[in-house]
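To keep things clear, I will list the structure first and then write my remarks on it.
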Amino acid sequence: MKPPTLIVCLKVVPDPEGPSSAFEVHSDIKKVVPVGIPPLLNPYDENALEVAARLKDQFGGRIVVINVSEKAIQPVLRKALSVGADELILAEDPAFEGLTSLSVARVLSAMAHKIGQYDLILTGRQAADWDSGQTGLLLAEMLKIPAINLAKSVELQEGRVIVGKLKRLGYEMVAAALPALVTVSSEAGDLRWPTVKAMQEARKKPVTIWRSADLDLDVRSLKARSIFSLSAPPSRARNCLFVDGESPDERGENLAITLRQHGVI
């Protein structure tokens, strides 16, 4: 088959492995602010990027990475260029702040139309911050192309994509005509590590930036999330009790008695 053009949608999120204590809840501005948590590529999107890199290894072609944000974090997104992406396009505009999944899909759809010819669009199954799992499928609906979600494996054949789609018990093989969109799950595998040379070269590669005016897009159709109230969970008082005894057996017995008295066992 001819070398494919692959589009991968990437989002930058706070590190989902960060401790909950590092997130500050600001009720007045209805925002949760990470403190000391580094931004990184959404892990599920990294799975999608790895699938694209494997397909490029097999068939050649090119990988175009796209991102939507009010202010793109380029050093994080350039990681895609270091693992095999050929082009990084950022839709960056103040109008893109805090958009709903539907509105993000509208912007991504406008970007795909501007890119033109493509064979396969890959997204993560969901984002690690909001966990909505909607944007990819909404994008496919807007582009009027087939969509397969929860992919654990992706293969290309002439004119079609074959996907191992996760089910509650096992998986099923699903095929769709190209162009198509696939949302990728973590079972597809982790993103490869870039070499030092590749990271150095990625810093020098040009990045394309599109504003809302560069896209066939009516910004009045874009909606931001509406958060009606936001508050931190109530803190619970903690009491510390030391259990002692003359011997290990007595301390163990006293501990069991104490736990029973407090309803733990």
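Miscellaneous remarks
- Exclusive hit being within 23 Å of Ala224 (Cα to Cα), at pLDDT below 95 and of a type outside the set (Phe, Trp, Tyr), set Glu92, Glu24, Glu17: Glu24
- Where Ile37 falls short, out of the listed (1) under 30 Å from Gln117 (Cβ atoms); (2) in contact with a Phe, Trp or Tyr (Cβ under 8 Å, 6 or more places away or on another chain): (1)
- Some residue of region 82-100 being without any contact (Cβ under 8 Å) to a residue 40 or more places away in the chain, surrounded by fewer than 18 Cβ atoms within 10 Å (Cβ to Cβ) and of a type outside the set (Val, Ile, Thr): yes
Residue-by-condition table, conditions (1) surrounded by fewer than 13 Cβ atoms within 10 Å (Cβ to Cβ); (2) within 39 Å of the chain's Cα centre (by Cα):
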position: Asp190; (1), (2): yes, yes
position: Ala198; (1), (2): no, yes
position: Val207; (1), (2): no, yes
position: Asp218; (1), (2): yes, yes
position: Ser229; (1), (2): yes, yes
position: Asp249; (1), (2): yes, no
position: Gly252; (1), (2): yes, no
position: His262; (1), (2): yes, no
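- Pairs with Cβ under 8 Å, 6+ apart, first in region 233-258 and over 30 Å from Ser21 (Cα atoms) and free of Cβ contacts under 8 Å to residues at least 12 places away in the same chain, second surrounded by fewer than 12 Cβ atoms within 10 Å (Cβ to Cβ) and β-branched (Val, Ile, Thr): Ala256/Ile265
- When region 95-143 is limited to residues that are in a loop (DSSP other than H, G, I, E, B) and of a type in the set (A, V, I, L, M, F, W, C), the one that is modelled with the highest pLDDT turns out to be Ala127.
The values are calculated or read from the model by the stated rules, or taken from the named source; none is laboratory data. Fair warning: this is a prediction, and the values are worked out from it, not measured in the lab. Every residue, glycine among them, receives a Cβ derived from its backbone with ideal geometry; neighbour counts consider all protein chains shown.
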